[in-house]
Amino acid sequence: MKTVIWGTGYYASVFTLKIGRKNIAFYIDKDIRKRGKNFLENRIYHPDDIKDWNNLFVYVPYNYYDEIGSFLQTKGLIPEEHFTKYYETIDINLEQTRDEYLRACSEVEKLVSAECKGYFGWWGRFWASKEEYRNCLQTLKRNGNKFVIASDTPWYNRAEVEELTGCPAVVLPCFIHDFIFIKDKINCEKKNVSGCQSPVMSLAENIHKMNQKLSWDECYCKAYYAYRFIDFFLNKCRFKALVIGSSDAACNMLVRAICKKYNIPTLFTHQAMIPGTIMFGPGGDIGSSVPAVYCDEFRRLPISSECVENAKKVVTYLYKSKINRKAQPQNSVLCNIKERIKSGRPIIVCMGQNDPYSAMVPYTEFSKRFHSPIFKSSVESAEYLAKICKSLDFNFIYKPHPMYARFERLNDVSSGAIIVNFVDVNDLIDMADVVVTIRSSINYIALIRQKPVLMLGYSQTRGQGCTYEAFREEYIETQLKEAVQQGFTNEQKQAFLEHVARLLQYYLYDDMSERPIRYGLPWPERVEDFFDLENKLKEMQGGQC
């Protein structure tokens, strides 16, 4: 039997690392745009291209297992005999950890000897694994910017990363990667982390939340070795600035802290809340982003009527196309939900976020200030809302984040709640009367689909007049009732169009993906230009940080 993996994304890459590239015959992906291309040196086939299904053993991503599994059974394949789900972690021991540390440090030394000081650094997996980020690199390189890639893609070696990006590179030690754990321990009391104890401990707690089978000492071991390498790397390279993928992952918070230690400016980046765009910012993304932190100033930025009209066209396109950052599952879950809905009663849908990657694990003063002022977790907010909805006789649906659902205490949510895991979020939102979230970017999908949104935490919509907001517990029930009664008002609709216009004019960059209309900023000529918006808003604020 040939071993194949369904999917060509992040989890497929991790799982390939686990079982080895040489053991994979090919990959399967329904995305017609990927048909015939290569992924990790193997060909991508569309399901329609495959004739001999009986000769395959298929690994299926866990979050699409029901949908894909049903399809495979129509081809005569039997669960566990011909296909199974994957969501795997990789364990290494202390000896392997030290070998990886020394290997990566050796690559850093080669960079230093090649006189890479004064370059910009790019940290994370986006640069090697996502074409839109590689396009960004090429644009900036053409204007004389020089870069070093610190790649969190252990499935690629250094030479492959350099070939993909055209930049000198270091492949980060594999234990820094989210799903590689150290099954060993060290005596943490004897380890000096030079002023970064708090982010190191936060990283250890975050690791423990994601894999509770590990002991605290094992989690600290991974966090400590991550600190050792990051400190060595940044001390040696002293970049002009470091661009980091996502501000809210605990490891990236540690990177931020060590950058501060060496006076290295930081920028953060992520695929943005408007599908088809990418954000860059010095503060972070979501609640710590520049538009959220300087929300009053951001709303005062001038926009023309032409920009608002263009935003309307973009929103209409996104509504009709239903494009999303992630492919949406196709199944019968929504039909089952409808059977449980009380007819004639409002439907409240609560969307969870991936807490460990949302500055929510551990829950700190930073979490409270920039992200979630009331609740310590998504499921805690769902419990609270479920009780309100039960007392008001509202229907309540909770959808956990698909990458975090298996870690949540879903049994703690009221028995009156409907919990749904894998469903097309566009269709789920369409049946809602109100969508509630702490800080998930799903709020933009809901607003695009003309649904009222109640925010319990902070995002780029903060203070923009397009959502209902309850940043104190005593406001939640009142704001929920108002959202049900008033709906998505004309004033909120106009405010949302103006907000989208500002995002596209001042903040979000076109990812250059294939689509019928273009929107978002063109890539700048210099990395320093990514700081312009924050500087402008600070000036509007009168120089106050």
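The values are calculated or read from the model by the stated rules, or taken from the named source; none is laboratory data. In this text the structure is predicted, and so the values were computed from the model without any measurement. Cβ coordinates were reconstructed from backbone atoms using ideal geometry, including for glycine residues, and neighbour counts include every protein chain displayed. Note: areas computed on protein heavy atoms with side chains; ligands, DNA, RNA excluded. Shrake-Rupley method; radii C 1.70, N 1.55, O 1.52, S 1.80 Å.
Among strands (runs of 3 or more DSSP E) entirely within the stretch 337-448, having at least 2 residues that are in contact (Cβ under 8 Å) with a residue 60 or more places away in the chain, of a type in the set (V, I, T) and touching a strand residue (DSSP E or B) at 6+ places or on another chain (Cβ under 7 Å) singles out 347-351, 434-437.
Screening D248 against (1) crowded, with 24+ Cβ neighbours inside 10 Å; (2) in contact with a strand residue (DSSP E or B) (Cβ under 8 Å, 6 or more places away or on another chain) leaves a single unmet condition, (2).
Can you pull out every residue in the stretch 227-249 that is of a type in the set (G, A, S) and assigned to a loop (DSSP other than H, G, I, E, B)?
Taking the stretch 227-249 first, the residues of a type in the set (G, A, S) are 241, 245-247, 249.
Across the stretch 227-249, the qualifying residues are A241, S246, S247, A249.
With respect to the conditions (1) more than 21 Å from N38 (Cβ to Cβ); (2) modelled with pLDDT under 90, W127 lacks only one, and its number is (1).
Would you point out which residue out of R158, R238 is modelled with pLDDT of 90 or more and within 30 Å of K22 (Cβ to Cβ)?
Going through R158, R238 in turn, the sole match is R158.
Of all residues in the stretch 359-380, those being open to solvent by less than 10 Å² (accessible area, probe 1.4 Å) and closer than 20 Å to G463 by Cα number 4.
Among the residues of the stretch 423-465, the ones that are under 17 Å from the mean Cα position of the chain (by Cα), within 25 Å of N336 (Cα to Cα) and hydrophobic (A, V, I, L, M, F, W, C) come to 3 in all.
Count of the stretch 39-88 residues, restricted to those that are open to solvent by 50 Å² or more (accessible area, probe 1.4 Å), under 14 Å from V4 (Cβ atoms) and among the polar types (S, T, N, Q), is 2.
Yes/no matrix, rows are residues, columns are (1) surrounded by fewer than 20 Cβ atoms within 10 Å (Cβ to Cβ); (2) over 13 Å from F229 (Cα atoms):
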{"position": "P168", "(1), (2)": "yes, yes"}
{"position": "L172", "(1), (2)": "no, no"}
{"position": "I180", "(1), (2)": "no, yes"}
{"position": "I186", "(1), (2)": "yes, yes"}
{"position": "S198", "(1), (2)": "yes, yes"}
{"position": "A204", "(1), (2)": "no, yes"}
{"position": "K209", "(1), (2)": "yes, yes"}
{"position": "K213", "(1), (2)": "yes, yes"}
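Among the residues that make up the stretch 73-86, is at least one of them within 25 Å of S151 (Cβ to Cβ) and modelled with pLDDT under 95? Yes, the stretch 73-86 contains at least one residue that is within 25 Å of S151 (Cβ to Cβ) and modelled with pLDDT under 95. Look at the stretch 245-269: where a residue is touching a residue at least 24 places away in the same chain (Cβ under 8 Å) and a partner is among the charged types (D, E, K, R), sitting 6+ places away or on another chain with Cβ atoms under 6 Å, you get S247/D285; I258/D231; T266/R256; F268/D285. Listed conditions (1) open to solvent by 30 Å² or more (accessible area, probe 1.4 Å); (2) within 26 Å of Y11 (Cα to Cα) are all met by S106, apart from (2).
Evaluate the following for I517: is it open to solvent by 30 Å² or more (accessible area, probe 1.4 Å) and among the β-branched types (V, I, T)? It would help to see each step written out before you state the result.
Numbers: open to solvent by 30 Å² or more (accessible area, probe 1.4 Å): yes; among the β-branched types (V, I, T): yes.
For I517, the condition - open to solvent by 30 Å² or more (accessible area, probe 1.4 Å) and among the β-branched types (V, I, T) - is met.
The condition of being open to solvent by 30 Å² or more (accessible area, probe 1.4 Å), hydroxyl-bearing (S, T, Y) and touching a Lys or Arg at 6+ places or on another chain (Cβ under 9 Å) holds for only one of Y156, Y119, that being Y119. On inspection, K320 fails the criterion of being open to solvent by 60 Å² or more (accessible area, probe 1.4 Å), farther than 30 Å from V243 by Cβ and touching a residue at least 12 places away in the same chain (Cβ under 8 Å).
Yes or no, residue by residue, for (1) at positive phi; (2) buried (at least 22 other Cβ atoms within 10 Å of the Cβ); (3) in contact (Cβ under 8 Å) with a residue 24 or more places away in the chain; (4) under 24 Å from the mean Cα position of the chain (by Cα):
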| site | (1), (2), (3), (4) |
| --- | --- |
| W216 | no, no, no, no |
| R228 | no, no, yes, no |
| K236 | no, no, yes, no |
| Q271 | no, no, yes, yes |
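Being surrounded by fewer than 20 Cβ atoms within 10 Å (Cβ to Cβ) and over 27 Å from G352 (Cβ atoms) is not true of R472.
Among the numbered conditions (1) touching a Gly at 6+ places or on another chain (Cβ under 8 Å); (2) of a type in the set (A, V, I, L, M); (3) under 19 Å from S129 (Cα atoms), the only one that V60 does not meet is (3).
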